[in-house]
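A.B. asks: Starting off with a structure, shown below.
Every number here is computed from the coordinates shown, using simple stated rules; none is lab data. What you see is a predicted model; the values in this text were computed from it and never measured. Here Cβ is always computed from backbone atoms with ideal geometry, including for glycine, and neighbour counts include all displayed protein chains.
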Amino acid sequence: MNDQGTPGSADGFRVVAVDADWPESRQFTGSGHNHVTGDIHVYLWFGSASYDPQVEHVTVFSASSGNAEAGEALADALEDYCHPGEEPPAGLPASAPVTITAEGKPVTFELWRNSSTPHWVARGRVESTEVVLSGSETEPSELRLVRVNDLAAYSAPIGFLPAREAISVAMGSDLQAAGPSRQSQVEEADTALRALGDIAARNAALGGPSRELHGEEADTVMRALRYLAQDAGPAGELGAES
């Protein structure tokens, strides 16, 4: 689920999410953008902060219309959730319809279940967004889905912060209007990642990690570590978010 680039234009794309009543952690866990085709996709996780797939959770994959990643996401979800430890079947297994509320309206999704596991997978479309859902210990028919254009409420590892904000901007969110604290957080993440990358490269060239850090470089690393510590907290949230 690694980020694959910074999106430029979403062309009506909106990320689909479980509505605000979801009781557990809400996390941005990956995204991608094809600079040739303009395709964009996003993964969100709703569940435990430790990403435990055995307890109540829902994973939401959103993709721009016609994005081939939607097919791959569905195949991966079926393999991971419905057929653990087995070779995936040739073609799609039989599905059953399920009605899920999206944007306040009933939408028909395709639903796959395996009687030997509590997991399920569903595929559908919310306006112009292709959606693949997977989950456990929750009923898909009880979900309420919404489309969002600002991902600030979804926590993310430090390396995903710039992509999270870039996707929000591509969907129409005004980062300038969000205030200096949010902009500063993204800039800090960018600076810290570059600094850590440079340090790692220099240490590798010097033959090991023994070089001491001084001055601004040490301050930058400490800021990065503080961000990482915030991400590791029990709520999985970043203190600087608004």
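A.B. asks: Run the numbers for ASP80 and GLU142: contour at 0.36 nm per residue of separation, minus the present Cα-Cα distance, in nm.
C.D. replies: Working: separation 62, 0.36 × 62 = 22.32 nm, distance 2.22 nm.
So the chain would gain 20.1 nm between ASP80 and GLU142.
A.B. asks: Tell me which residues come under 5 Å, amide H to amide H, from GLY30 once H is placed; ignore anything under 5 positions away on its chain.
C.D. replies: When sequence neighbours closer than 5 places are left aside, the close amide H contacts are TYR43.
A.B. asks: Around PRO53, with a cut-off of 11 angstrom between Cβ atoms, what is the net charge of the other residues, counting Lys and Arg +1 and Asp and Glu -1?
C.D. replies: Working: positive: none; negative: ASP52, GLU56, ASP80, GLU137.
Taking every other residue near PRO53 into account, the sum is -4.
A.B. asks: Based on the Cβ-Cβ distance from THR108 to SER50, what FRET efficiency comes out when R0 is 30 Å, to the nearest 0.05?
C.D. replies: Working: r = 33 Å, r/R0 = 1.11.
Once rounded, the FRET efficiency stands at 0.35.
A.B. asks: Tell me the relative contact order for the stretch 96-149 as a rounded percent, counting alpha carbon contacts under 8 Å between residues six or more apart. Numbers along the way, then the final one.
C.D. replies: Working: 93 pairs, mean separation 19.8, N = 54.
The normalised contact order for the stretch 96-149 reaches 37 percent.
A.B. asks: Starting from a Cα-only point model with no solvent, please compute log10 I(q)/I(0) by Debye for the stretch 15-155 at q = 0.14, 0.21 1/Å.
C.D. replies: Log10 I(q)/I(0), no solvent term: -0.61, -1.45.
A.B. asks: Nearest 5 percent is fine: what portion of the DSSP beta bridges confined to the stretch 15-155 is antiparallel? Display every interim value, and only then the final one.
C.D. replies: Values: 45 of 48 bridges.
Rounded to the nearest five, the antiparallel share is 95 percent.
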